[in-house]
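Asks: Take a look at the following structure, please.
The values are calculated or read from the model by the stated rules, or taken from the named source; none is laboratory data. What you are looking at is a predicted structure, and each value in this text was computed from that prediction instead of being measured. Here the Cβ positions follow ideal geometry from the backbone for every residue, glycine too, while neighbour counts run over all protein chains shown.
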Amino acid sequence: MGLVCAIANIYVLIVVARAISTFFPISSGSPFLPLVDFLYKATEPVFTPIRRVLPTMGPFDFTPLVVLIGVQVIARILGC
């Protein structure tokens, strides 16, 4: 269970970092571009199906919040 809990915690950090990164414009020459690219590649496979189901709330994207709650619920079920 320790490995599953560690993976869940790391994914939570990745989702939070992705949400925070949306507040900062990253240009193509930025040294942070590889990190932001990794965050998008790590989260988009989970975010895309949820975005299809969630209703649009104007400029607000609640997908990261839904993913965080989902990861926490699954972690609790697994005993983390």
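Asks: Which numbered condition trips up LEU65, out of (1) over 13 Å from the mean Cα position of the chain (by Cα); (2) surrounded by 11 or more Cβ atoms within 10 Å (Cβ to Cβ)?
Replies: (1)
Asks: A further question follows. Exactly one of (1) without any contact (Cβ under 8 Å) to a residue 40 or more places away in the chain; (2) under 18 Å from LEU13 (Cβ atoms); (3) of a type outside the set (D, E, K, R) is unmet by LEU54. Its number?
Replies: With respect to (1) without any contact (Cβ under 8 Å) to a residue 40 or more places away in the chain; (2) under 18 Å from LEU13 (Cβ atoms); (3) of a type outside the set (D, E, K, R), LEU54 is out only on (2).
Asks: If you take the residues in segment 22-45 that are part of a loop (DSSP other than H, G, I, E, B) and polar (S, T, N, Q), which one is surrounded by the fewest Cβ atoms within 10 Å (Cβ to Cβ)? Explain how you work it out, then say what you get.
Replies: To start, the set of residues in segment 22-45 that are part of a loop (DSSP other than H, G, I, E, B) comprises 22-32.
With polar (S, T, N, Q) added as a condition, the list becomes 22, 27-28, 30.
Working: THR22: 13, SER27: 7, SER28: 5, SER30: 12.
My answer is SER28.
Asks: Oh, and also: Filter segment 46-62 down to residues that are under 15 Å from the mean Cα position of the chain (by Cα) and part of a helix (DSSP H, G or I) and give me whichever is modelled with the lowest pLDDT.
Replies: ARG51
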